Amino acid sequence: MKKINYFVIFLLLLVSGNPITKHYINYQLFTSLVFLFLIIRYPKFSNYKNKREFLIYISIFSLVFYLQFIFLGFVSILGALFFLIKIFLGFIVVNVVGSNFRYIYFKLLTFISLLSLFFYCLTYFGFNLPIKLDENHSSFIIYHQILENDNFRNSGMFWEPGAFGIYINLVFILYFNDIKDLLKFHKYSVFILITALATTFSTTSYALAFIIIVSYITSKLSFKKIYLLFALAPMIVIISYIGLSSSFLLEKVNKQYDSAIANSDREFKPDRFNAMLFDLHYIKKHPLIGNGFNQITRFSDHKYLQNKFLGHGNGFSNFIACMGLLSIFIYFYYIWIYSINKILILIFISVSLFGEQLLNYPLFLILPFIFMQLQSKRQK
């Protein structure tokens with residue numbers, strides 16, 4: 001297996017939420033340079049698989065930007081181009097690595113998780129990383145430290161513990177039909193991944209892990225043995241209760257929910273519930289094509305939010321508010337057509353997006369083509 005493939009996927013991970021590419025380097029410039037490197041090294045588009053599907057996929061997003069220009073009166077050309085570059089970048093990576101994508105991704109996430117546990121222990125006991133991004137964040141490229149009250153949470157090399165946990169869970173989604181072999185031949189790696197996942201203390205990550213476990217157990221039950229599910233029900237309820245009643249999880253969810261209920265004016269607040277309610281205004285305003293990524297059109301009715309850095313907590317509603325139902329439809333349509341465990345994957349992506357801005361990054365934007373590769377590998 002070519003070592004360059006590990007480097008290529010590592011580059012994909014760097015441009016899919018590594019904070020140093022945003023705070024210490026210009027993210028648009030760095031991502032464009034990665035794209036330029038890939039397109040120069042792997043220029044033969046004619047050799048790529050799934051070209052037709054890709055051209056349709058990227059053309060739909062291009063059409064959305066064109067319609068935004070017509071109906072909104074403005075669209076950032078550079079912003080639209082950069083969004084398309086991220087999709088193209090991911091497509092090149094998937095084609096370069098091919099059917100080995102999930103294995104290399106698994107090995108890289110294991111290595112990143114192992115390193116994260118080492119740095120997590122250091123930072124937990126008071127050691128600060130050398131590269132200070134701002135007053136609340138430090139980094140060492142392969143580990144991101146959130147200072148103050150979040151030192152007890154493991155972010156790995158990504159911007160937030162929840163994002164790291166989602167990327168770990170993605171390993172088990174990609175290996176869902178082969179989890180038995182994964183546990184049999186890579187048990188130490190799985191242990192490292194699960195340990196790193198546990199240290200994220202992320203509501204979304206724990207929920208996703210629970211969904212995957214329950215889905216896997218039920219998928220192995222034949223109709224004749226479905227009664228076993230009822231035997232497992234008490235255990236599932238107990239585990240759910242313990243997880244949801246954990247103080248940090250319950251307090252976080254209750255606080256966000258209560259805040260959303262009290263926010264009758266639907267003013268912008270960054271948590272996932274308030275952000276979703278705020279976004280409904282803009283989704284209703286332009287449901288099919290969205291309001292664009294540029295703050296001039298995205299927050300056209302809330303001008304005080306323009307030219308401000310906003311931490312938006314709901315990736316699902318934000319993407320629809322920006323790119324419309326047409327974009328999210330084509331994304332989920334491709335997921336549905338080309339994935340094997342369709343319902344599970346749709347739930348996984350929906351829950352993930354509800355917590356994180358994952359469709360801002362190439363890895364999630366190109367997930368349909370990763371599932372295409374997995375499906376074609378199984379058909380051989």
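No lab work stands behind these numbers, since they all come straight from the coordinates. Worth saying up front: this structure is predicted, and the values here are computed from it rather than measured.
Out of residues 5 or more away from Thr199 or on other chains, whose amide H comes under 5 Å of its own, with H placed 1.01 Å from N in the peptide plane?
Under 5 Å from the amide H of Thr199: no residue qualifies.
For the pairs Lys86/Lys308; Lys2/Lys44; Lys22/Lys44; Lys22/Lys285; Lys132/Lys269, flag any whose C-alpha to C-alpha distance is greater than 21 Å. Mind showing how you got there, number by number?
Numbers: Lys86/Lys308 23 Å; Lys2/Lys44 19 Å; Lys22/Lys44 30 Å; Lys22/Lys285 31 Å; Lys132/Lys269 27 Å.
In this structure, Lys86/Lys308; Lys22/Lys44; Lys22/Lys285; Lys132/Lys269 lie more than 21 Å apart at Cα.
Normalise the Cα radius of gyration of the stretch 39-190 by 2.2 N^0.38 Å (N = residues in it) and let me know the number.
Working: Rg = 19.9 Å, N = 152, 2.2 N^0.38 = 14.8 Å.
So the Cα radius of gyration is 1.34 times the expected 2.2 N^0.38 Å.
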